[in-house]
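No lab work stands behind these numbers, since they all come straight from the coordinates. Here the structure is a predicted model, which means the values were calculated and not measured. Ideal geometry is used to build each Cβ from the backbone, glycine not excepted, and the neighbour counts take in all protein chains shown.
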Amino acid sequence: MRKAVYPGSFDPVTYGHIDIIKRAALIFDDLVVSVLDNKAKSPLFSVDERVNILKEVCAPFPNVKIDSFSGLLIDYAKENNIHVSVRGLRAITDFEYELQIAQTNKLLSQGTLDTIFLTTSLEYSYLSSSGVKEIAAFGGDISKCVPDFVADKIYAKYDIKR
Ligand code: PNS
């Protein structure tokens, strides 16, 4: 049974994340998309909101489960008997950050948690959750960035009527 975790903040999930989820779900038998509960950040959406959004987005993929975690990814992976973490790479600017996380996880887990990178599809290489939030906060069009029901929830957070 090939099992993997796709960890992230997903605040909010974008078409870029969804593209990675779809492709990873074809590679692995079981994919757990897990939302990091990061007490150090003040997210737009609570962990429960992000989990519920992801559940709706991932409903068409039967081998994808949604979960959340706090603390170290290696501990979460160990508790869930997962040995692969999936991450998306958009551009060279992501590489250093991602390489650092991957190497740290490999070292801390004593080699039991490896990372697989999927290159983001070109049409989403510009997309980031923070960019989406900034555009939405100024009332801009995010229809090419996130599904409509997610866009509605983002605009509602900023009290923007569209
Ligand atoms: O979507 P993000 O914010 O880029 O995801 C980052 C994430 C969740 C993959 C990373 O911050 C993480 O795994 N944090 C959990 C804490 C941890 O394990 N840190 C050690 C590796 S640097």
Work out, step by step, the length gained on full extension between ASP148 and GLU98: first 0.36 nm times the residue separation, then minus their alpha carbon distance; give nm to one decimal. 15.1 nm
Students often check this: by mean Cβ neighbours within 10 Å, which of 151-159, 9-17 ranks highest, and how do the rest follow? 9-17, 151-159
If the cut-off is a Cα-Cα distance under 16 Å, which aspartates and glutamates reach LYS55, setting aside same-chain residues fewer than 8 apart in sequence? ASP11, ASP19, ASP30, ASP67, ASP148
Approximate spin-label separation LYS39-ILE27, in nm, with each point projected 7 Å along Cα-to-Cβ: 3.3 nm
Counting alpha carbon pairs within less than 8 Å and at least 6 residues apart, what relative contact order, in whole percent, applies to the chain? 27 percent
Each residue of the stretch 126-132 in order: what ³J(HN,Hα) in whole Hz does its phi give by Karplus 6.51 cos²θ - 1.76 cosθ + 1.60, θ = phi - 60°, with x for Gly and Pro? 8, 7, 9, 4, 5, x, 4
Anisotropy class of the stretch 3-122 from Cα gyration tensor, a/c 1.5 cut: rounded
